[in-house]
Amino acid sequence: MTNIAVVPGSFDPVTLGHLDVIRRAAAVFDEVHVLVVHNPGKQAMLPISERLALIQKSLDEDPEMPKNILVASWSVGLLVDYCTEVGASVLVKGIRSQIDVAYETPMVLMNRSLANVETVFMLPDPQHAHVSSTLVRQVASLGGDVSPYVPAAVGRFLDKTRPA
């Protein structure tokens with residue numbers, strides 16, 4: 001039996017902290033689905049198709065990234081519906097602080113109640129613990145250098161799309 005985990009997120013854009021969690025999840029589980037989900041509570045900078053492409057490029061360009069990772073999106077229905085569809089029994093969430101734990105806890109309990117899907121929290125490498133996609137978007141929109149916080153593919157994309 002294959003042990004499948006789902007790493008969900010908006011990944012708008014994907015950061016080095018995300019890749020750290022994805023890499024470590026792929027070392028623990030047989031198969032990892034990186035799932036770009038639509039969050040109606042957030043205004044996205046990038047369309048889902050661009051986020052999928054940037055995640056895939058970032059994974060492909062990382063020589064240390066395991067090969068048991070699939071990138072997908074889900075925008076209709078519950079996250080646990082996707083888990084049921086692909087046979088995943090675990091969600092992996094990266095958390096940076098107690099604020100993330102407080103935010104995630106009700107969802108953990110609901111996902112377990114709805115579909116018996118467990119959630120595993122992973123802390124990012126400390127050098128990435130302060131980085132969020134929101135901060136990356138803010139810094140990038142004001143012309144700041146985000147290259148220390150994002151994969152090279154994302155950095156190139158943001159440089160290309162930055163107004164002159």
**Prompt:** Could you count how many residues in the range 1-14 are open to solvent by less than 50 Å² (accessible area, probe 1.4 Å) and over 8 Å from the mean Cα position of the chain (by Cα)?
**Reply:** 5
**Item:** Where Met65 falls short, out of the listed (1) without any contact (Cβ under 8 Å) to a residue 60 or more places away in the chain; (2) open to solvent by 50 Å² or more (accessible area, probe 1.4 Å); (3) touching a helix residue (DSSP H, G or I) at 6+ places or on another chain (Cβ under 6 Å)
**Value:** (2)
**Prompt:** If Glu85 passes every condition in (1) more than 24 Å from Gln138 (Cα to Cα); (2) in contact with a His (Cβ under 6 Å, 6 or more places away or on another chain) but one, which one does it miss?
**Reply:** (2)
**Fill in**
When (1) at negative phi; (2) without any contact (Cβ under 8 Å) to a residue 60 or more places away in the chain are applied to Val136, the one that fails is (2)
**Request:** Can you run down the residue pairs with Cβ atoms below 7 Å, 6 or more apart or on separate chains, where the first is in the range 44-59 and open to solvent by 40 Å² or more (accessible area, probe 1.4 Å) and the partner is aliphatic (A, V, I, L, M)?
**Result:** Ile48/Val36; Leu52/Val36; Leu52/Val71; Gln56/Val71; Lys57/Ala153
**Sole exception among (1) over 24 Å from Gln138 (Cα atoms); (2) open to solvent by 80 Å² or more (accessible area, probe 1.4 Å); (3) of a type in the set (D, E, K, R) for Glu31, by number** = (2)
**Fill in**
Val76 vs (1) modelled with pLDDT under 95; (2) of a type in the set (Val, Ile, Thr); (3) crowded, with 16+ Cβ neighbours inside 10 Å: all pass except (3)
**Item:** Residues located in the range 137-149, provided they are among the small types (Gly, Ala, Ser), out of contact with any helix residue (DSSP H, G or I) (no Cβ under 8 Å at 6 or more places or on another chain) and outside any loop (DSSP other than H, G, I, E, B)
**Value:** Ser141
**Prompt:** Can you pull out the residues in the range 107-133 that are more than 20 Å from Val14 (Cα to Cα) and either touching a residue at least 12 places away in the same chain (Cβ under 8 Å) or open to solvent by less than 80 Å² (accessible area, probe 1.4 Å) (or both)?
**Reply:** Met107, Val108, Asn111, Leu114, Ala115, Asn116, Val117, Glu118, Thr119
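The values are calculated or read from the model by the stated rules, or taken from the named source; none is laboratory data. This one's a predicted model, so the numbers in the text were calculated from it and none came from an experiment. Positions of Cβ are generated from backbone atoms using ideal geometry, with glycine treated the same way; all protein chains shown enter the neighbour counts. With ligands, DNA and RNA removed, areas are computed over all heavy atoms of the protein, side chains included. Shrake-Rupley method; radii C 1.70, N 1.55, O 1.52, S 1.80 Å.
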